[in-house]
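Below: one structure, written as structure tokens.
The values are calculated or read from the model by the stated rules, or taken from the named source; none is laboratory data. Quick caveat, the model's predicted, so the values are computed rather than measured. Here Cβ is always computed from backbone atoms with ideal geometry, including for glycine, and neighbour counts include all displayed protein chains. Ligands, DNA and RNA are excluded from the accessible area calculation, which covers all protein heavy atoms including side chains. Shrake-Rupley method; radii C 1.70, N 1.55, O 1.52, S 1.80 Å.
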Amino acid sequence: MDSLQSLPPLSTLSTSVSSALNAKLGTNHDLTQAPSIVAEFLTQCDDLERNLVHLNRTLESNLASYASFSNRIGHLFGIVNSKLTDLGSSVCLRSSVSGSHQCKVSILILIFSSSSSSSSFVFEFVHEEHWFYLILFLCGNFCVIDGEGLGEELPSLAKEVARVEAVRAYAEVASKLDNLIGDIEDAVSSTMNKNLRKDSSAQNSEETRMVAIKTLKVTEDLLTSVTKARPQWARLVSAVDHRVDRALAILRPQAIADHRALLTSFGWPPSLSNLTSSSLDARKSSEVPNPLFTMHGDLKRRYCENFFALCRLQELQRQRKSRQLEGHNREVALHQPLWAIEELVIPVSVACQRHFSKWIDKPEFIFALVYKITRDYVDSMDELLQPLVDEAMLTGYSCKEEWISAMVTSLSTYLAKEIFPIYIGQLEEESVTGIRSQARTSWLHLIDLMVSFDNRIKPLVEQSGILLSLLEDGTPRKISSLSVFCDRPDWLDMWAEIELDDAMEKLKPEIDEERNWTKKVQGADLSNSDDYKSPAVSSITFTCLSSLIERCRLLPTVSLRSRFLRLTSTPVIIFFLDCLLLRCQEAEGLTALTDDDALIKVSNSVNAAHYSESILKEWCEDVFFLEMGLDQGEHPGESVAENSGSEVPIEEYGNGIFHEEIVKFEDFRTQWVEKITMVILRGFDARCRDYIKNRRQWQEKSEEGWTVSQTLIGALDYLQAKMAVIEENLNRVDFAGIWRSLAAGVDKLIFNGILMSNVKFHEEGVERFGYDVEVVWGVFRAWCLRPEGFFPKVSESLKLLKMEKDQLEDSLKGGQKRMKENGIRHLSVAEVEKIGKNRVYTK
């Protein structure tokens, strides 16, 4: 017992120890576990001691590191102070103290490159807390540190170090860019000096130019990376761009001047003096060889190098524009004609214009010459020059297409400057004097030549593999001589007016010819044309429309095509619709559509409207018309409605360019089909009026030998005769609408005139009424299998009349539910009760 130590007093134990003992020793049984509890406590104490030793060592290490860091900072401060003293006039330090912890320092660092040029960059930092400034002067290999104190917290130090690192990176990039710009300017200056010296080597000049282009490429790559990684350095990028633009303003004209000199040296453009009007249609010009194929040796090498340099320069310019236009519609501005191909086309165009001036009155020779030159030299573009463009990584360009496009553009420019103004003057003179001249004929002839030229050029373009490349407002623009109208929409309006007048002059005599209204369409555009039974005049009208549409298919933009169609096709369609309406109104005014000739005349007009509607709907499903249907007009914010003169909801823009005309044809058909139906119904009503008024017949047996009432026969004969005329002359769709409407009208007439007029039906009358109804249904059985389905009220009324008394009474008592069980679905309860009360049972 003496070996055991006495326990300390309970009051000396801490709260945590007391809680731990109470948790471990709660019962007498827990006392037997005391040795293991003691061992557990001893193990925990050993672990805590080891952790304490580790923490002490870590603290000592961190304190030593902090002391070392502080010593380095102090040493750095000493170096900085000595360096600042030596800066002298190179560094201007101005500081003003506001309060105890505010300062502002402006430091100007001049970085001199190893080249002949220099640049200056200004850094200004403002901070309103405890802070210090650190600038690493890379070129001078020294740094500056200033401030009122380091502070006591490491986070502040880390923040300042990060700021210093950003300034160091800025200075590095600025220095690198300055060196690159200096190299570029030196190369450009060297190129200029060599060009001024006549004895300088052309090869050395080209090599110097390529060095400048390669350095420009490195500079642009660096600027691109800076723009993406450091957008806040926009002023640095702008300063470099300004100096690069100055270098390019010298480099590109020099390269183009050298290129033109090379073209002249190997005989470009080829001679056109030996061409005659008879040789313009020849497949190849055997007398004039292709200079691009005949050059060889050093001349060919120099030309290829210069061509390649121009392509590299253009690709570099595209890369710069792509970076500068980031976030904008870059595709519109990035695509430019290929510079090197333009230089080939310009002298050819100048040479051609000497011949064009002789052919003002014979423009077909102009188009023939341009086509011949374009075709004869297009292969050399692909074989010789395309590999150089690919090597320069000038993506999206086809030399063949660029050649064709440039030649067509030169033709359009000449037409706009020399040919069209002459025709415009003649038209203006014609409008003043009132004397009709050949101006309109000459205009249409010129358009014919332009369309024919574009159709001949189109296969050459398709062979290039890139059908559309020129961009206008983000949409593809076709290569076409008709692009002359892009910049002169007033000329397009004038052309549309001339085309419309010409089309109307040809169409009006055809419409006035009565035979064209009686003869049916032959060889129609629609596969099921027999169903339309349309007069030949409708086919003639749409042949005229098709001609107008084909004229505008080659217009280079959707907006131009849409505008042309609205100015030409729409008036023709409206004119034709007015003719249809006039013929129907004449027929209605003469006989009120009571005779067969009037019905045939109206039916022909309805057929023509149906045919026209179907043709327009079929056209609107074509991509060519869908594009124009989505077009919003030639001016921003202008809607389709503003162009067509009526308001169209915005949700209908995608319905097609002829949507309004289609709706008008539909309304016309609906209106006159309803009128035909009403005329026949009125005639039927007038002829069966005695039949309806005869109330006693439903209480008597049928006449001997008759299964149908004699007073109904005349009305049915009239109905059959009119329906036969309509069926023979009207298209199937509208005829189906007429006979269905007639069935509904006859159903309503019989139901209201007989069944709802309180007529008493005896057994014999029900049988007689059933015979009559069956005959009426028989008239319509030629067009449907169950005509009773189109007479819902009469057929259900007859079913009620044929019911036994008990069944009828049960239906009346059961209400709507019971009526539906008995097949009565189109009659109301009141109508059923009324019919039931009028049913007389003799038994």
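For a quick check of your reading: which helices (runs of 4 or more DSSP H) sit entirely within segment 1-98 and have at least 2 residues that are in contact with a Leu (Cβ under 7 Å, 6 or more places away or on another chain), under 30 Å from Leu157 (Cβ atoms) and modelled with pLDDT under 70? Outline the logic, then answer.
On the way: elements: 15-24, 28-31, 34-87.
Those helices (runs of 4 or more DSSP H) do not exist here; none qualify.
Name the residue that is farthest from Val188 (Cα to Cα), counting only residues in segment 217-240 that are open to solvent by less than 20 Å² (accessible area, probe 1.4 Å) and in contact (Cβ under 8 Å) with a residue 40 or more places away in the chain.
From segment 217-240, those open to solvent by less than 20 Å² (accessible area, probe 1.4 Å) are 219-220, 223, 226, 236-237, 240; that's our starting set.
Narrowing further to those that are in contact (Cβ under 8 Å) with a residue 40 or more places away in the chain: 219-220, 223, 226, 236, 240.
Values: Thr219: 15, Glu220: 16, Leu223: 20, Val226: 24, Leu236: 22, Val240: 16 Å.
Among those that are open to solvent by less than 20 Å² (accessible area, probe 1.4 Å) and in contact (Cβ under 8 Å) with a residue 40 or more places away in the chain, it is Val226.
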Test set (1) closer than 30 Å to Leu449 by Cα; (2) buried (at least 19 other Cβ atoms within 10 Å of the Cβ) - Gln314 fails condition number: (1)
Cβ pairs under 7 Å, 6+ apart, first in segment 203-216 and closer than 12 Å to Val188 by Cβ and in contact (Cβ under 8 Å) with a residue 40 or more places away in the chain, second part of a helix (DSSP H, G or I) and open to solvent by 30 Å² or more (accessible area, probe 1.4 Å): Ser205/Lys194; Ser205/Asn195; Ile213/Arg312
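Part of a helix (DSSP H, G or I), closer than 22 Å to Lys519 by Cα and in contact with a Cys (Cβ under 7 Å, 6 or more places away or on another chain): does that describe Val606?
Details: part of a helix (DSSP H, G or I): yes; closer than 22 Å to Lys519 by Cα: yes; in contact with a Cys (Cβ under 7 Å, 6 or more places away or on another chain): no.
No.
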Residues of segment 819-840 that turn out to be surrounded by 14 or more Cβ atoms within 10 Å (Cβ to Cβ), more than 60 Å from the chain's Cα centre (by Cα) and among the charged types (D, E, K, R), as a count: 2
Members of segment 681-701 found to be of a type in the set (Gly, Ala, Ser) and either touching a residue at least 12 places away in the same chain (Cβ under 8 Å) or in contact with a helix residue (DSSP H, G or I) (Cβ under 6 Å, 6 or more places away or on another chain) (or both), listed by number: Gly683
Residue count for segment 582-595, restricted to those that are of a type outside the set (Gly, Ala, Ser) and surrounded by 16 or more Cβ atoms within 10 Å (Cβ to Cβ): 4
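Scan segment 749-766 for residues that are assigned to a helix (DSSP H, G or I) and surrounded by 15 or more Cβ atoms within 10 Å (Cβ to Cβ) and report the count.
In the first step, residues of segment 749-766 are kept if they are assigned to a helix (DSSP H, G or I); the result is 749-755, 763-766.
Narrowing further to those that are surrounded by 15 or more Cβ atoms within 10 Å (Cβ to Cβ): 749-751, 753-755, 763-766.
Residues flagged as assigned to a helix (DSSP H, G or I) and surrounded by 15 or more Cβ atoms within 10 Å (Cβ to Cβ) within segment 749-766 amount to 10.
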Which numbered condition Ile573 misses (of (1) hydrophobic (A, V, I, L, M, F, W, C); (2) open to solvent by 10 Å² or more (accessible area, probe 1.4 Å); (3) farther than 17 Å from Arg515 by Cα): (2)
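Do the conditions hold for Glu430, that is, is it at pLDDT 80 or above, assigned by the TED database to the domain that holds Thr541 and open to solvent by 20 Å² or more (accessible area, probe 1.4 Å)?
So Glu430 does not fit the description; no.
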Residue match in segment 282-292 (condition: part of a helix (DSSP H, G or I), over 30 Å from Ala439 (Cα atoms) and either at pLDDT 85 or above or open to solvent by 50 Å² or more (accessible area, probe 1.4 Å) (or both)): yes
Count - residues of segment 439-456 that are open to solvent by less than 60 Å² (accessible area, probe 1.4 Å) and under 16 Å from Ile360 (Cβ atoms): 6
Selection status of Trp739, assigned by the TED database to the domain that holds Lys834, among the aromatic types (Phe, Trp, Tyr) and over 50 Å from the mean Cα position of the chain (by Cα): no
Some residue of segment 790-802 being under 57 Å from the mean Cα position of the chain (by Cα), of a type in the set (Gly, Ala, Ser) and open to solvent by 30 Å² or more (accessible area, probe 1.4 Å): no
Matching residues, segment 241-256, being of a type in the set (A, V, I, L, M, F, W, C) and surrounded by fewer than 17 Cβ atoms within 10 Å (Cβ to Cβ): Ala249, Ile250
Among (1) surrounded by 18 or more Cβ atoms within 10 Å (Cβ to Cβ); (2) out of contact with any Lys or Arg (no Cβ under 8 Å at 6 or more places or on another chain); (3) at pLDDT below 95, the one test that Leu500 misses: (3)
Every residue from segment 371-393 that is surrounded by fewer than 22 Cβ atoms within 10 Å (Cβ to Cβ), in contact (Cβ under 8 Å) with a residue 60 or more places away in the chain and over 13 Å from Val348 (Cα atoms): Arg375, Val378, Ser380, Asp382, Leu384, Leu388, Glu391, Ala392, Met393
Index of the failed condition, Ile422 passing every other in (1) in contact with an Asp or Glu (Cβ under 7 Å, 6 or more places away or on another chain); (2) farther than 14 Å from Val484 by Cα: (1)
